[in-house]
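S.K.: First the structure, then my questions, so here it is.
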Amino acid sequence: MRVLHLFSNAKWTGPAEPALNLCVGLRARGIAADFACSPDAGENINKIIETARDRGIEPITDLYLHKHRHPIKNYLDRRGLAGILRNRPYDVIHCHLDNDHGIAAGPANVAGIPLVRSSYFGLGLPEGRRHARLLARTAFLIEPSHAALEHDLAAFQYPRERAAVVSGAVDVARFDPARPTPDGRHRLNLPADALVIGIVARLQTHRHYDDLFEAMRRLVNDLPRAHLIVVGRGTRQEQVGFEPVRRLGLAEHVHFAGFLDSEDYVGMLRAFDMGVFLTPGSDGACRAVREMMAMGKPVVAARRGMLPEIVTHEEEGLIVDGAPDALHDAFQRLARRRDYRHALGRAAREKAVERYSLEAQSDAVIAIYESLAKR
């Protein structure tokens, strides 16, 4: 089976790694999965192309695949894609973002090739005519959560038999707590007895950092060995992160690790005693939560987006309302009950291996491809 994946972005944005990893997983299962992405990253390094090559995939870069709709570039892409489909016998076209979905719909229909769309909107696609038109020409819709599935079935009158939930995946071999990685605690000069809470999220106003820092202020008063690691950066990091931490007197307890990549990122997750996640960002499927779980870390998650579908309360972590009081109480509970914290962490790792692995995701997607072939 030959499948063409389209990704209309040149930036290493939220869905980029999940889309690329799916191709890697499919290839490992014997599917001839090609990956087409935008060749133009401006003055920046095209990390998507660079990462694809590192993972054994030479991407197709013959199309513009611009992030946003562009009348001329989209027209040229439709013509270019039609030419690709005439020369290469693909069985399925798999889209990941709105613009590549719009580009592919016409050529796929003319060529008689079924079109699959993966959504990364944790609570469902935004309602409107655009998505209604796109879904009308889509053979199968892959949803990240049951909440998203039910929303889209109702909002767009999409047939239930042509949609399914496939959990987001992480590379559980890479995110393995037993594997040697760089020492994140040493990198930040943390005390040997530090109790470390970690968050992976851009420093943006809507990410509820104010609630997290207030919870940390209260926790540090009760437990001076508590520390918070923030992995991420943002254009408003002074306003959202640095200034509030200074004002609350947390400068010695909150550590800004910035953007981390490759082994440094995995090593920093390993430094956590527990993770925290407050609201979905550009990746509504919340991949960072699954990565923390794969590393054997219990997660304190707010009851927002699809987070309660990823972390089961009292099984792999704690689900709270996200307010400072609730966060503080959850941190206190996990801090004081080490055996309980470790038990939740072990369960998180087991769930990640069983449900969130690339292998599990690939098998589910292949079953969808095969169902389309039988039709």
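What follows is calculated from the coordinates using simple rules that are stated; it is not laboratory data. Keep in mind it's a predicted model, so treat the numbers as computed, not measured. Ideal geometry is used to build each Cβ from the backbone, glycine not excepted, and the neighbour counts take in all protein chains shown.
S.K.: Neighbour counts of other C-beta atoms within 10 Å: give me TYR356, TYR158, TYR75 arranged from fewest to most.
M.R.: Working: TYR356 24, TYR158 20, TYR75 12.
With the fewest neighbours first, TYR356, TYR158, TYR75 line up as TYR75, TYR158, TYR356.
S.K.: Rounded to whole Å and sorted largest first, list the principal axis extents of the Cα atoms in the range 184-355.
M.R.: The Cα atoms of the range 184-355 stretch 42, 33, 32 Å along their principal axes.
S.K.: Excluding same-chain residues fewer than 8 positions from LYS73, which aspartates and glutamates have a Cα within less than 20 Å of its Cα?
M.R.: Qualifying aspartates and glutamates at Cα under 20 Å: ASP40, GLU43, ASP62, ASP98, ASP100.
S.K.: Would you list which lysines come within 28 Å of LYS67, measuring only between C-alpha atoms, while excluding same-chain residues fewer than 8 positions from it?
M.R.: Qualifying lysines at Cα under 28 Å: LYS11, LYS47.
S.K.: Per DSSP helix of 4 or more residues, -39500 (n - 2.57); summed, then divided by the residues of the chain. What does that give at 222 nm, rounded to the nearest 500?
M.R.: -13000 deg cm²/dmol
S.K.: Mind listing the long-range amide H neighbours of ALA36? Cut-off is under 5 Å, sequence gap 5 or more, other chains count too, H placed in the peptide plane at 1.01 Å from N.
M.R.: HIS5, LEU6, PHE7, ILE60
S.K.: Rg (Å, one decimal) plus Dmax (Å, integer) for the alpha carbons of the range 1-70?
M.R.: Rg, Dmax (Cα atoms, Å): 11.6, 37.
S.K.: What's the magnitude of the charge dipole for the chain around its Cα centre, counting Lys and Arg as +1 and Asp and Glu as -1 at the beta-carbon? Answer in Debye, nearest 20.
M.R.: Taking the Cα centre of the chain as origin, the dipole is about 660 debye.
S.K.: Here is a follow-up. So if the hydrodynamic radius of the chain is defined as the Kirkwood radius over C-alpha pairs, what does Stokes-Einstein give as its diffusion coefficient at 37 °C and 0.692 mPa s, in µm² per second?
M.R.: Details: Rh = 21.6 Å.
D = 152 µm²/s.
S.K.: Taking other Cβ within 10 Å of each residue's Cβ, how do THR235, THR51 sort, fewest first?
M.R.: The fewest-first ordering by Cβ neighbours comes to THR235, THR51.
S.K.: For LYS351, list the lysines whose Cα falls under 20 Å from its own Cα; do not include residues on the same chain fewer than 8 positions away.
M.R.: Once the sequence-local lysines are set aside, what remains near LYS351 is LYS297.
S.K.: Another one. Under a plain spin-label model, where a point goes 7 Å from the Cα along Cα-to-Cβ, how far apart in nm are ALA367 and ARG246?
M.R.: 5.4 nm
S.K.: Determine the distance separating the Cα centre of the range 133-147 from the Cα centre of the range 290-344; give it in Å without decimals.
M.R.: 30 Å
S.K.: Can you list residues from other chains, or at least 5 along the same chain, whose modelled amide H is less than 5 Å from the amide H of VAL320?
M.R.: ALA301, ALA302, ARG303
S.K.: Please work out the C-alpha center-to-center distance from the range 168-196 to the range 203-280 and express it in whole Å.
M.R.: 16 Å
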